[in-house]
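Quick notes on the structure that follows.
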Amino acid sequence: MSSLRWLLLKDLQILRRSKLLVALLVLYPIAIALLIGLALSRGPDKPKVAFLNQIPIGQSVTNVGGKDIDFARYADRFFDAVDPVRVRSRAEAIDKVKSGDALAALIIPADTVDRLNGGLGQARVEVIYNGDAVKQSYVRNTIDAELAKANGALSSTIRDVAVTDLKTLTDGGEITTPLGSQRLLGLRKARAALAQVLDTLPAGSPERAAIAAVDDFANQALIGLEFATPALNAVSKPIAVRATVLDGSRTPLDAFAVALAVAVSLLFIAVLLASGVLALEREEQAYGRLVRGLVSRSALLAEKILLAAVCSALVALVMLAGIGAFTGVDWGRFGQWVIAVFAGGLGCSALGVAIGALAREVRAASLLGLLLALPLAFLALVPSGAVAVGVYDVIRVVNAAFPFKPTLQALDAAVNGAHPSLLGPSLHLLALTVAFGALARLALRRF
Amino acid sequence: MTTDARGVTKRFGSRVALRDVSFSVAEGELLAIIGPNGAGKTTLLSILAGILRADAGQLSRPPREVGWVPQQPAVYGKLSVRENLRLFARLEKVADPDAVVARMLEQTGLGDRADDELGTLSGGNRQRVNIAVGLLADPPLLLLDEPSSSLDPRQRERLWEFVDGLARRAGTAVVFTTHNVAEAERWADRVLVLADGEVIFTGTPGELRAAEIEGGDATDFEGAFVRFLRERGH
Ligand SMILES: Nc1ncnc2c1ncn2[C@@H]1O[C@H](COP(=O)(O)OP(=O)(O)OP(=O)(O)O)[C@@H](O)[C@H]1O
Ligand SMILES: [Mg+2]
């Protein structure tokens, strides 16, 4: 036990004298982590879209069944999602897209309002795309989404008007048509009036049969219209979405990016440090001296794992506290942070000593560590459904076999209270620590 | 207590580095192992030190009781001379680490460089620290692998006088390798000649000289030794 202490002190002293190395070891992962965090938490900027509104000024307001609809309002909402470049003609719009000034052009033809007003059929807008595949798909998604929103809003307005008109038809009241305002009697009152007339007619009179037929029609119309209102609702919003998240993280992207950035730093520091300090023992030729009776090979591995775990966990804690000072993280979870960073530090350091034992030289170990850590970090971020099922199963196995994904889960749970809770990933990490420690111990046989 | 090695054999893949090597070294005795490059000297010492495992053969002394000075300095370049000595003294669990460190600084003559990082020392000075680390625990058997190869003549003399003193006063058994035949003949009580992994001679320096100078020049140790090896097919 005291040998462990002397070795730890020795390694810390060596680290303290390798300032440049330690600075690189800490700054490089943090830089990578912050870049990943930034890339994740901020989507692309608002796309520039050329916008041509050919609807004559002052004619953007249309009246649908007595309800005013201002088309300009929908355009405004659209501008929240894109950065509009106003143009004066279709040719100018196409120029903007061609030259790359705008990623797309949206043209609203002059007859849009008239078409919406009815009679001329569906209103049409024109969209012209350009740009690379990624941006184009982003613009396309944005425009599609905004048009769908506008469609939805328009159709519910129209539905509301229709429902009101139907109600007037059954119950009576004022109705507005392109021909002007009119009072309607309403089917119910019409039936009541017919009933009064029927009462005054003698049985067997020929008018009675005719009026009874009209009453019958009014009754059937009433019954039919009872179904019309819910049917209209269904048509205006054919599919309503009720969102339920079953499994996986419910953390918003920004908060997840914090956990991710810290996990990436933890992985890199722990792996590079643990593999480096172990390989250094061999490079300095001291390994042979140490393991012939001074310390056991297992104790030496334990010392390296402990050293790298504590150092990487401390850097991770400082990162969390630093981010926490600027953003609103929940300080009440500090105890959980500590558990998560140490569990993650242990798992990643055990992977590190395994790499160091296999690579045997500091430079080879660093290279191997980097080669392994980057893909591990990316694999942990592949969402299910992004790849074929078989491939995703392989990715899941890889993610479970290496400590990065559980570290990320532990941090997400500790920092954001995400699902799964801290316990599972922590136990997973301890198991991986033992497994990679054993692998390193095996590799030391030919160290 | 005599240290015995019996039938030690070591293979690296298909190459046989040591073949059925046997010898013994008594308390207070200095045994020199000489032989050409690649003869298996380092391999033999590493097996005695417990760094390598022999494929066959027995050793009478556990590695715990063996002090080891490897051919390449096995010390930390980022630690100072004193820190290196103190670290290994603590790991060896010597009774009074500070006293031992002071004694070793005195012995190596590196007192004035005690607080310099080892990486800034010359190769010979680094080797002096390497040797000192192997001596820290006063082991009953001391293995020195080409300890003098990078030392200047004065340090070389100092080293051998110190080692000789250990053997004479403390009864330490010493096994060392060297390429300096004259050195072996001057300081060793017995010499073992190893070539291609096999023992081709054991005896006193006088007996080796007698075997070498059959029809040769009695003053040219090196030339006589080369001739000796050539006559035996090496
Ligand atoms: N780890 C190893 N793997 C494979 N072969 C090895 C290994 N160590 C030594 N050998 C081989 O074993 C033989 C003996 O090597 P050793 O280092 O013991 O020679 P030596 O007598 O100490 O030589 P030198 O005088 O050059 O130090 C050589 O042929 C060498 O190539
Ligand atoms: Mg050698």
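The values are calculated or read from the model by the stated rules, or taken from the named source; none is laboratory data. Keep in mind it's a predicted model, so treat the numbers as computed, not measured. Note that we place each Cβ from the backbone using ideal geometry, even for glycine, and neighbour counts take in every protein chain shown. SASA here: full protein model, heavy atoms, side chains in, ligands and nucleic acids out. Shrake-Rupley method; radii C 1.70, N 1.55, O 1.52, S 1.80 Å.
How large is the accessible surface per residue of the protein assembly as shown, computed with a 1.4 Å probe and reported in Å² as a whole number?
Averaged over the residues of the protein assembly as shown, the accessible area is 49 Å².
What order do you get for B:59-68, B:23-32, A:15-24 when each peptide is scored by the mean count of other beta carbon atoms within 10 Å, highest first?
Ranked by mean Cβ neighbours within 10 Å, highest first: B:23-32, B:59-68, A:15-24.
Computed on protein heavy atoms with a 1.4 Å probe, what is the summed buried accessible area for the chain pair B and A, in Å² to the nearest 100?
Its buried surface, counting both partners, is about 2100 Å².
By a straight-distance test (C-alpha under 16 Å), which lysines pair with residue A:98 as possible cross-link partners, with residues fewer than eight away in the same chain excluded?
By straight Cα distance, residue A:98 reaches A:48, A:135.
Give the separation of the Cα centroids, segment B:125-164 to segment A:152-203, in Å.
One Cα centre to the other: 115 Å.
List for segment A:280-304: residues with 50 Å² or greater reduction in accessible area, all protein chains versus chain alone, probe 1.4 Å?
Buried-area filter returns A:284, A:285, A:289, A:292, A:294.
Could you tell me whether chain B comes out rounded, prolate or oblate from its Cα gyration tensor? Rule is a ≥ b ≥ c as square roots of the eigenvalues, rounded for a/c under 1.5, then prolate if a/b exceeds b/c, otherwise oblate.
It comes out prolate by the Cα gyration axes.
For a quick protection proxy, order the peptides A:77-90, B:127-140 by their average other-Cβ count within 10 Å, most packed first.
Those peptides, ordered most packed to least, come out B:127-140, A:77-90.
Go from 0 up to the bin containing the longest alpha carbon distance in segment B:75-139, width 5 Å each, and give me the % of pairs per bin.
Pairs per bin, as whole percents: 4, 21, 36, 25, 11, 3, 0.
With axes computed from alpha carbons, what is the tilt in degrees of helix A:404-416 against the longest principal axis of chain A, rounded to the nearest 10 within 0 to 90?
Its long axis makes an angle of about 60 degrees.
Along the Cα→Cβ direction, 7 angstrom out, place labels at residue A:70 and residue A:83. What is the inter-label distance in nm?
Modelled inter-label distance: 2.7 nm.
Given only helices, namely DSSP H runs of n ≥ 4 each adding -39500 (n - 2.57), what is the per-residue ellipticity at 222 nm of chain A, to the nearest 500 deg cm²/dmol?
About -23500 deg cm²/dmol.
Counting C-alpha atoms alone, how compact is the protein assembly as shown: give Rg to one decimal and Dmax as a whole number, in angstrom.
Computed over the Cα atoms of the protein assembly as shown, radius of gyration and Dmax are 44.2, 164 Å.
Rounded if a/c is under 1.5, else prolate if a/b beats b/c, else oblate: with a ≥ b ≥ c from the C-alpha gyration tensor eigenvalues square-rooted, which is segment A:315-394?
oblate
Considering only protein heavy atoms and a probe of 1.4 Å, how much of the accessible area of the protein assembly as shown is carbon and sulfur, as a whole percent?
Of the solvent-accessible surface of the protein assembly as shown, carbon and sulfur hold 58 percent.
Where a ≥ b ≥ c are the square roots of the eigenvalues of the C-alpha gyration tensor, would you call segment B:102-175 rounded, which needs a/c under 1.5, or, failing that, prolate if a/b is larger than b/c, or oblate?
It is prolate, given that a/c is not under 1.5 and a/b is the larger ratio.
Hey, which of these cross-link pairs are over 22 Å Cα-Cα: A:19/A:304; A:10/A:405; A:46/A:149; B:41/B:78?
Violating the 22 Å Cα-Cα cut-off are A:10/A:405; B:41/B:78.
Could I have the simple spin-label model distance between residue B:98 and residue A:185, label points 7 Å from Cα toward Cβ, reported in nm to one decimal?
Taking the simple label geometry, residue B:98 and residue A:185 are separated by 11.9 nm.
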